[in-house]
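For reference, the structure is listed below as structure tokens.
The values are calculated or read from the model by the stated rules, or taken from the named source; none is laboratory data. Keep in mind it's a predicted model, so treat the numbers as computed, not measured. Cβ sites come from the backbone with ideal geometry, for glycine too, and all protein chains shown count toward neighbours.
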Amino acid sequence: ESGRKLIAVSGIRTPGDLKFFRMKLDGNFKDISIVCAAKIRYSRIKERKREDAPHSFSEFLKQDKAERKLFKLDETEKLSDFKLRNEGNEKQLRRNLNRILDKFGLRYLLTK
């Protein structure tokens, strides 16, 4: 309706990825960093029962620390336009995302 094009990108990890999109989209790019406590993330991973999942919380933390360092995730999160905690259920996540999207006239994009 507004003539604007919307592109959603999932999985931006490195500061370089984030800077690339900001440069290419000339200021028309907003990043939402979705974060969650380690214990909750580990619990969710266990629920998925994937074969490659860490077998213990300490193994998960070790893997997480290595990935955070490799991809510079802490720096990427600091550069984000918005930070959203995902520690509730899917309905709460969608509601919180919509609060951010409201600011850009995209309110009903993520309703289910």
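Summary of values
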read-out: Unique residue being surrounded by 12 or more Cβ atoms within 10 Å (Cβ to Cβ) and more than 18 Å from G11 (Cα to Cα) when the list is E47, E59; value: E59
read-out: In region 63-95, the residues that are among the basic types (K, R) and surrounded by 12 or more Cβ atoms within 10 Å (Cβ to Cβ); value: R68, K72, K83, R85, R94, R95
read-out: Given (1) in a helix (DSSP H, G or I); (2) at pLDDT 90 or above; (3) of a type in the set (A, V, I, L, M, F, W, C), index of the condition L101 fails; value: (2)
read-out: Boolean, A37 is of a type in the set (G, A, S), in contact (Cβ under 8 Å) with a residue 24 or more places away in the chain and surrounded by fewer than 15 Cβ atoms within 10 Å (Cβ to Cβ); value: yes
read-out: Condition check for L84: under 20 Å from I32 (Cα atoms) and either of a type outside the set (D, E, K, R) or touching a residue at least 24 places away in the same chain (Cβ under 8 Å) (or both); value: yes
read-out: Pairs, first closer than 13 Å to S33 by Cβ in region 56-77, second aliphatic (A, V, I, L, M) and surrounded by 11 or more Cβ atoms within 10 Å (Cβ to Cβ), C-beta under 8 Å, six or more apart; value: T76/I12; T76/L18; E77/V35
read-out: So E67, is it part of a helix (DSSP H, G or I), under 30 Å from L6 (Cα atoms) and modelled with pLDDT of 95 or more; value: yes
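Yes or no, residue by residue, for (1) farther than 25 Å from L106 by Cβ; (2) touching a Lys or Arg at 6+ places or on another chain (Cβ under 6 Å); (3) assigned to a helix (DSSP H, G or I):
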position	(1), (2), (3)
G27	no, no, no
I40	yes, no, yes
D52	yes, no, no
K62	yes, no, yes
K91	no, no, yes
